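Please read the structure below before turning to the comments.
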Amino acid sequence: QVQLVESGGGLVQAGGSLRVSCAASGSIFNIETWGWYRQAPGKQRELVATITQGGSTNYADSVKGRFTISRDNAKNTVYLQMNSLKPEDTAEYYCHGLGWTGYDYWGQGTQVTVSS
């Protein structure tokens with residue numbers, strides 16, 4: 001089993017920056033790809049960014065050039081650095097781990113609110 005705990009969400013003004021973190025514990029070796037998803041009220045959960053074990057990254061078009069996903073293997077932590085935030089980035093942000101067997105691991109989420 002893998003446990004994911006997000007932190008770092010909060011309220012920020014448009015144009016500001018925020019970094020959310022995902023601390024992982026348990027059978028982390030089971031994870032092939034780490035990612036961040038978000039879900040705004042009344043909308044479907046959407047992919048924000050992913051990073052593979054090999055370090056390859058992928059971003060949603062809406063966040064390219066503004067968000068950066070990274071990993072600290074020594075701390076078993078995945079980060080999402082968010083710059084130039086916009087009100088439309090407001091959402092609950094979820095950490096995700098995709099297992100080698102296709103199993104999905106999810107954190108409980110952290111709220112990010114961007115005021116205009």
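Each reported figure results from applying straightforward, stated rules to the coordinates on display, with no laboratory input. Small disclaimer: the values here were computed from a predicted structure and weren't measured. Cβ placement follows ideal geometry from the backbone for every residue including glycine, while neighbour counts extend to all protein chains displayed.
Among strands (runs of 3 or more DSSP E) lying entirely in the stretch 46-116, which contain 1 or more residues that are in contact with a Pro (Cβ under 7 Å, 6 or more places away or on another chain)? Show your work before the answer.
Details: elements: 46-52, 57-59, 67-72, 77-82, 91-99, 104-106, 110-115.
So the answer is 110-115.
Taking the stretch 70-91 as the range and being under 15 Å from Ser7 (Cα atoms) and touching a residue at least 60 places away in the same chain (Cβ under 8 Å) as the test, the residues that pass are Tyr79, Leu80, Gln81, Met82. Quick check: anything in the stretch 37-46 free of Cβ contacts under 8 Å to residues at least 12 places away in the same chain and either surrounded by 14 or more Cβ atoms within 10 Å (Cβ to Cβ) or within 26 Å of Trp100 (Cα to Cα) (or both)? Among the residues of the stretch 37-46, at least one is free of Cβ contacts under 8 Å to residues at least 12 places away in the same chain and either surrounded by 14 or more Cβ atoms within 10 Å (Cβ to Cβ) or within 26 Å of Trp100 (Cα to Cα) (or both), which makes the answer yes.
The numbered conditions (1) outside any strand (DSSP E or B); (2) without any contact (Cβ under 8 Å) to a residue 40 or more places away in the chain; (3) under 20 Å from Ser7 (Cα atoms) are all true for Phe29 except (3).
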